[in-house]
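The values are calculated or read from the model by the stated rules, or taken from the named source; none is laboratory data. This one's a predicted model, so the numbers in the text were calculated from it and none came from an experiment. Virtual Cβ from ideal backbone geometry, glycine too; neighbours counted across all protein chains shown. Accessible surface is based on the protein model in full, side chains and every heavy atom, while ligands, DNA and RNA are left aside. Shrake-Rupley method; radii C 1.70, N 1.55, O 1.52, S 1.80 Å.
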Amino acid sequence: MGVVHLSTSLSVDSLSITAFTAKPKSISFFSTRRLKPVFPTKKDSLFAGFILKIEALNSRRIAGEMEIEKGIGATQKSIVDFQSIDEGLIQKMAFDALVWSSLHGLVVGDRNVQRSGQVPGVGMMHAPFALLPMSFPESHWKQACELAPIFNELIDCVSLDGKFLQDSLSRTKKVDAFTSRLLDIHSKMIEMNKKEEIRLGLHRSDYMLDEKTKLLLQIELNTISSSFPGLGCLVTDLHRTLLNDYGEDLGLDSKRIPGNTAVGQFAEALAKAWTEYDNPRAVAMVVVQTEERNMYDQHWLCTVLKERHNVRTIRKTLAEIDREGKLLPDGTLLVDGQAVAVVYFRAGYAPTDYPSESEWRARLLMEQSSAIKCPSIAYHLAGTKKIQQELAKPNVLERFLENKEDIAKLRKCFAGLWSLDDLDITRKAIEKPELFVMKPQREGGGNNIYGDDVKETLLRLQKEGSEQDAAYILMQRIFPTVSPTFFMRSGICHKDHAISELGVYSAYLRNKEKVIMNDQCGYLMRTKISSSNEGGVAAGFAVLDSIYLT
């Protein structure tokens, strides 16, 4: 789960998105304030020779900002000519898109309505989305899809190495109370010799396309609460519908938008796990937050699970599980009197999900049970930032994977990622903080440290001389290509420069030695204004999007 992870209550605050056009006039759906955009970025994994390229990257950043000041010349070739596009046409498309969203369930809860995160149907509004798909090279799209099953296998192997997980996170445990509690549960499972024979992972690997190197670089791999399979599919359908209606006017072909099967394949994986559990009276349980304005994304998955596979679901908070849960002698988990076959976490990834000991008791209860956890505590830990950084070290992938070609494919998408006990990198990050991102062991967006704050935080940690640095990792900032786009938020269309992040979903199901499912399962495109450091639709920084293959 990570930058960008998206499962907190959906915030749809209007961003101060600005127009790159010089037209001050506003029309029905447009806000066209003019403001100079600035270069953004993100984070990531391993990058050979990165230290030697620090100065070159900094020079490129400065040159890039100077180009942006010249205007649209700094942006990549767009799928349409945004400078000359007819505003009347966009007005019609925006209206049609809002109608389509309302009729097809591309909705979230309105944060201005008190009960919108608790009662379905109350205070609904359209999810934030891009009006047109974002161009994306077909070769990099195929690369990301090819990586999905390899990352699935890697996470599964890492999850089985309890010593690696405990040792890698041992320093973090001393200074991060949340990670420490997760590790304590993991330790108890090791002491109990608890084996997860049936293992289910619903993952999403997030990438950005680096503008300078043209490399697809991984930001993070989310192993818990990989959200938006439902709404992500709907945005793909919306864009295909719009291009079917207006593609001739825009010079675009709807067939260039790849199909998105995320919600169907995630439901299939949950159904297959339910079948492996082999109790036809059992239910799948979705662990949710007390207030969830992104509940409709979750309901889409549960609806498909019921209609296509006849698997019933229940929704419970961690506190409710503690209150209603019971463990039978044979390991069966009962919640409110119902046997649970599969536990699907859409909560439990952030400290705020555990306001009391009740929630921690629930997490431990589920781990001790025979129910299939998605994710198990080991899968959860395997997706932490620190483990990502450890896997980026030389010769570590070889500990878990044998296929040299697969290892090479993974390393190709790794960007720079380091521990703060690397004094050379720490010094360089203080000197050139704009080239790095500091990341704590947190999910959900809005937690990372950028720019001068990187320098100030590193200097403060050095001055304190404590082990607090173990709570963070350093990542290379990725400088993605800037493109123009239209943002739809709160019924208003804004034009601005934007950057995008591609997430590729995948599902992995294994029963002992038998791999039942290991597939790429659709995608999630998120787009944000280029002046925003943070990412995440649920955190209020980005909008949902799809891709147009070029």
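Structure notes:
- Residue satisfying all of: in the range 484-512; of a type in the set (Gly, Ala, Ser) and under 20 Å from the mean Cα position of the chain (by Cα); surrounded by the fewest Cβ atoms within 10 Å (Cβ to Cβ) among these: SER500
- Close pairs from the range 184-204: first assigned by the TED database to the domain that holds CYS521, partner exposed (fewer than 13 other Cβ atoms within 10 Å of the Cβ) and not in a strand (DSSP E or B), Cβ under 6 Å, at least 6 apart: GLU197/LYS512
- Any hit, the range 143-161, residues being among the acidic types (Asp, Glu) and under 23 Å from LEU549 (Cα atoms): yes
- Selection count where residues are open to solvent by less than 10 Å² (accessible area, probe 1.4 Å) and in contact with a His (Cβ under 8 Å, 6 or more places away or on another chain), scope the range 221-234: 7
- Strands (runs of 3 or more DSSP E) wholly inside the range 303-403 containing at least 3 residues that are within 26 Å of the chain's Cα centre (by Cα): 313-316, 338-345, 372-374
- Within the range 235-252, restricting attention to residues that are in a helix (DSSP H, G or I) and crowded, with 18+ Cβ neighbours inside 10 Å, the residue that is modelled with the lowest pLDDT is LEU250.
- Hits in the range 325-365 - residues which are open to solvent by less than 10 Å² (accessible area, probe 1.4 Å) and in contact with a helix residue (DSSP H, G or I) (Cβ under 7 Å, 6 or more places away or on another chain): LEU333, VAL335, ALA341, VAL342, VAL343, ARG346, ALA347, GLY348, ALA362, ARG363
Table: residues versus (1) closer than 23 Å to LEU544 by Cβ; (2) in contact with a His (Cβ under 8 Å, 6 or more places away or on another chain); (3) crowded, with 22+ Cβ neighbours inside 10 Å.
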residue	(1), (2), (3)
ALA429	no, no, yes
LEU461	no, no, no
GLN468	no, no, no
VAL482	yes, yes, yes
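- Filtering the range 179-234 to residues that are of a type in the set (A, V, I, L, M) and part of a helix (DSSP H, G or I) leaves LEU182, LEU183, ILE185, MET189, ILE190, LEU231, LEU234.
Conditions tested, residue by residue: (1) touching a helix residue (DSSP H, G or I) at 6+ places or on another chain (Cβ under 7 Å); (2) at pLDDT below 90; (3) in a loop (DSSP other than H, G, I, E, B).
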residue: SER466; (1), (2), (3): no, yes, yes
residue: PHE487; (1), (2), (3): no, no, no
residue: LYS495; (1), (2), (3): no, no, no
residue: ASP519; (1), (2), (3): yes, no, no
residue: LYS528; (1), (2), (3): no, no, no
residue: ALA538; (1), (2), (3): no, yes, yes
residue: TYR548; (1), (2), (3): yes, no, no
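- Residue within the range 275-294 that is more than 22 Å from the chain's Cα centre (by Cα), charged (D, E, K, R), assigned by the TED database to the domain that holds ALA339 and within 12 Å of VAL340 (Cα to Cα) present: yes
- Sub-9 Å Cβ pairs linking a first residue in the range 301-330 that is on the phi > 0 side of the Ramachandran plot to a second residue that is surrounded by 15 or more Cβ atoms within 10 Å (Cβ to Cβ), at least 6 apart or interchain, are ASN310/ALA271, ordered by first then second residue.
- Criterion: of a type outside the set (A, V, I, L, M, F, W, C) and not in a strand (DSSP E or B) - qualifying residue of ARG442, ARG510: ARG442
- Looking only at residues of the range 186-217 that are at pLDDT 95 or above and among the polar types (S, T, N, Q), we find that the one that is surrounded by the fewest Cβ atoms within 10 Å (Cβ to Cβ) is ASN193.
- LYS272 being free of Cβ contacts under 8 Å to residues at least 12 places away in the same chain, surrounded by fewer than 23 Cβ atoms within 10 Å (Cβ to Cβ) and under 24 Å from CYS145 (Cα atoms): no
- Test for HIS104: is it open to solvent by 60 Å² or more (accessible area, probe 1.4 Å), closer than 21 Å to ARG526 by Cβ and modelled with pLDDT of 95 or more: yes
- Hey, LYS455 outside any loop (DSSP other than H, G, I, E, B) and more than 25 Å from ALA415 (Cβ to Cβ) or not: no
- Meets criteria (touching a Lys or Arg at 6+ places or on another chain (Cβ under 8 Å), open to solvent by less than 30 Å² (accessible area, probe 1.4 Å) and modelled with pLDDT of 95 or more) for LEU183: yes
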